[in-house]
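Input: a single structure, listed below in structure tokens.
The values are calculated or read from the model by the stated rules, or taken from the named source; none is laboratory data. Nothing here was measured: the structure is a model prediction, and the numbers come from that model. Cβ placement follows ideal geometry from the backbone for every residue including glycine, while neighbour counts extend to all protein chains displayed.
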Amino acid sequence: MLGLPDSITVALFDLDGVLTETAVLHRKAWKKAFDAFLAARAGGADHADFVEFTDQDYLDYVDGRPREDGVRAFLASRGIDDVDPQTVTAIGNGKNDMFLVSLAEDGGQAYPGSVRYLEAARDAGLRIAVVTSSKNGAAVLDAADLSKFVEVRVDGLDIVSKGLNGKPAPDSFLLGAEQMGVRPAAAAVFEDALSGIQAGAAGAFGYVVGVDRVGGGQAEAMRAAGADIVVTDLDELLPA
Ligand SMILES: O=P(O)(O)OC[C@H]1O[C@@H](O)[C@H](O)[C@@H](O)[C@@H]1O
């Protein structure tokens with residue numbers, strides 16, 4: 001059904017970058033927050049020691065992970081290990097303030113192909129859940145007018161309140177399947193982040209769909225991380 005094995009009855013969609021274009025807003029807000037931190041640490045953005053946060057840094061260390069996990073993973077990648085927990089929180093909060101401003105301006109656009117897929121899923125009886133690391137999951141779904149499709153939502157607030165490990169651990173997707181009342185083998189994971197694809201592979205879900213929004217070597221990296229199929233838009237899975 002809809003490009004998935006017949007054994008699949010539930011779709012577990014990541015949100016930012018799979019259903020909505022908000023991954024771009026997250027990436028831009030993270031760049032501003034990390035560049036400000038790195039510049040202050042180097043003694044200025046024009047200092048030779050300042051090395052900016054790149055799009056590849058976002059994909060490798062931040063994309064798909066809960067907020068503070070992303071901060072810690074990126075800082076560790078730069079060998080920065082002397083930052084206290086308050087600073088980690090402050091970097092994440094600063095980024096969130098900027099993200100919320102851009103979400104209010106931008107409105108949280110849904111990908112048209114994803115809306116077509118959600119409509120087809122609803123019509124075909126494929127049940128729909130959203131599993132996102134973001135604490136802004138409800139706001140983004142509402143802004144993009146997608147809440148009406150969603151039976152169950154697991155978000156960054158649930159990850160904190162239930163003490164779950166964030167992606168690349170499978171916990172949040174496993175909770176999504178549990179709340180939908182199915183075994184992981186009956187659920188498909190849809191992800192644009194390598195951390196999320198790793199989570200899908202680690203949880204032994206029935207099918208893992210990689211959604212490549214960036215190109216370059218990303219599709220290959222997704223297959224290596226455990227994607228069963230890689231598409232550039234969800235409507236590639238719909239009948240022509
Ligand atoms: O800071 P938030 O809104 O809780 O989001 C955490 C993460 O949520 C993920 O969905 C995004 O891919 C990341 O870019 C983001 O950092």
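Some observations on this one:
- Filter pass, residue 83 being in contact with a Lys or Arg (Cβ under 7 Å, 6 or more places away or on another chain) and in the same structural domain as residue 61 (by TED's automatic domain parsing): no
- A residue that is of a type in the set (S, T, N, Q), within 10 Å of the ligand (Cβ to nearest atom) and surrounded by 13 or more Cβ atoms within 10 Å (Cβ to Cβ) cannot be found anywhere in the range 105-115.
- Selected residue (only one of 173, 190 is part of a strand (DSSP E or B) and buried (at least 24 other Cβ atoms within 10 Å of the Cβ)): 190
- Counting residues in the range 30-38 that are more than 10 Å from the ligand (Cβ to nearest atom), at pLDDT 95 or above and either in contact with a Ser or Thr (Cβ under 9 Å, 6 or more places away or on another chain) or in the same structural domain as residue 198 (by TED's automatic domain parsing) (or both) gives one or more.
- Residue 191 being touching a residue at least 60 places away in the same chain (Cβ under 8 Å), among the acidic types (Asp, Glu) and more than 13 Å from residue 66 (Cβ to Cβ): yes
- Checked against (1) over 18 Å from the mean Cα position of the chain (by Cα); (2) part of a loop (DSSP other than H, G, I, E, B), residue 65 passes all but condition (1).
- Set 89, 132: member being within 12 Å of the ligand (Cβ to nearest atom) and surrounded by fewer than 19 Cβ atoms within 10 Å (Cβ to Cβ): 89
- Top-ranked residue of the range 39-71 - restricted to ones that are free of Cβ contacts under 8 Å to residues at least 40 places away in the same chain and within 15 Å of residue 92 (Cβ to Cβ), ranked as surrounded by the fewest Cβ atoms within 10 Å (Cβ to Cβ): 68
- Residue check, residue 186 over 13 Å from the mean Cα position of the chain (by Cα), away from the ligand (no atom under 13 Å from the Cβ) and more than 26 Å from residue 69 (Cα to Cα): yes
- Some residue of the range 3-20 being β-branched (Val, Ile, Thr), outside any loop (DSSP other than H, G, I, E, B) and more than 16 Å from the ligand (Cβ to nearest atom): yes
- Scope the range 143-176; condition away from the ligand (no atom under 14 Å from the Cβ) and without any contact (Cβ under 8 Å) to a residue 12 or more places away in the chain; matching residues: 147, 148, 163, 165
- Flag for residue 139 being surrounded by fewer than 22 Cβ atoms within 10 Å (Cβ to Cβ) and within 16 Å of the chain's Cα centre (by Cα): yes
- The condition of being in contact with a helix residue (DSSP H, G or I) (Cβ under 6 Å, 6 or more places away or on another chain) and modelled with pLDDT under 95 holds for only one of 177, 187, 227, 204, that being 204.
- On the stretch given as the range 46-73, residues that are more than 9 Å from the ligand (Cβ to nearest atom), small (Gly, Ala, Ser) and closer than 12 Å to residue 30 by Cβ total 1.
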